[in-house]
1. With an 8 Å Cα cut-off and a minimum separation of 6 or more residues, compute the relative contact order for the chain in percent.
2. Among Ala19, Ser138, Tyr36, whose Cα projects farthest towards the positive end of the dipole of the chain, with charges put on the beta-carbon of Lys, Arg (+1) and Asp, Glu (-1)?
3. Per residue, how much accessible surface does the chain expose to a 1.4 Å probe? Answer in Å², no decimals.
4. State the percentage of accessible surface on the chain attributable to carbon and sulfur atoms; use a 1.4 Å probe and exclude ligands, DNA and RNA.
5. Could you size up the charge dipole of the range 148-194 around its Cα centre, putting +1 on the beta carbon of Lys and Arg and -1 on that of Asp and Glu, and report it in debye to the nearest 20?
6. Among the DSSP beta bridges whose two residues both lie in the chain, what percent are antiparallel, rounded to the nearest 5?
7. Sequence gap at least 6, Cα distance under 8 Å: using those rules, report the relative contact order of the range 83-194 to the nearest whole percent.
8. Test of understanding: what is the full-extension gain from Asp100 to Met60, defined as 0.36 nm times their sequence separation minus their Cα-Cα distance?
Amino acid sequence: MTKSIDFYFDFISPYSYLAFKKIKNLNKTNTVNINYIPILLGGLHKLGGITAPAFNERKMKNMKNDCELVALKNNIIFKWNTKFPINTLNLMRGYLAINDQIKKKYFEICFDAYWKDNLDVSNDKEVQKILELCKLNSKKFFENIKDQKIKDKLKNLTDIAFNNDIFGAPTFVVNKKIYWGQDRLDYALEEYYS
């Protein structure tokens, strides 16, 4: 069995974006086997009775500054999305609905659209641009994300995450050990390489 890092994410999470970019930079010299697991962060917070930083003025202010500092330190292009928080439900369902061969490209384009290009990814016209870049059929995509099986799969992944003590994004799980936050990626990598 190949060792991997489970990476629980939601496109709404700026810290998930920053962690992804760190991993991408790392994978230029090393290959880290990442298992990306989509969850609905809002749903996870609701299950855990957590108030997201987006709804706390002081936390929100600090989070913006913190993300900019992390991006600067790690040479990551980052722009705080002026429409944050945006509903990412369609994009998250889309990740589950598309072919496995396109997931990596879709993943990166969605994150860049939100946290680099400052696009309103809750807007179907902007989503269509993402789909064009991924060479995905938009009619089929919008049909598939309404499929009850896809809806249930995202809900179930979120429920499973909650039942496994995951409460935020990004969360990394290696050897059944949980590491929460982009600043814990190094700890997850140490466990991965041990």
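1. Values: 250 pairs, mean separation 62.1, N = 194.
Once divided by the residue count of the chain, the mean separation gives 32 percent.
2. The residue sitting farthest along the positive end of the dipole is Ser138.
3. Values: 11080 Å² over 194 residues.
Result: 57 Å² per residue.
4. With neighbouring chains kept in place, the figure for the chain is 50 percent.
5. With only Lys, Arg, Asp and Glu charged at Cβ, the dipole is about 360 debye.
6. On the way: 7 of 12 bridges.
In the chain, approximately 60 percent of DSSP beta bridges are antiparallel ones.
7. Normalised by residue count, the contact order of the range 83-194 is 21 percent.
8. On the way: separation 40, 0.36 × 40 = 14.40 nm, distance 3.44 nm.
Taking Asp100 through Met60 to full extension adds about 11.0 nm, to one decimal.
The values are calculated or read from the model by the stated rules, or taken from the named source; none is laboratory data. Worth saying up front: this structure is predicted, and the values here are computed from it rather than measured. Because the Cβ atoms are built from the backbone with ideal geometry, glycine has one as well, and the counts that use them run over all protein chains shown. Heavy atoms of the whole protein, side chains included, go into the accessibility calculation; ligands, DNA and RNA do not. Shrake-Rupley method; radii C 1.70, N 1.55, O 1.52, S 1.80 Å.
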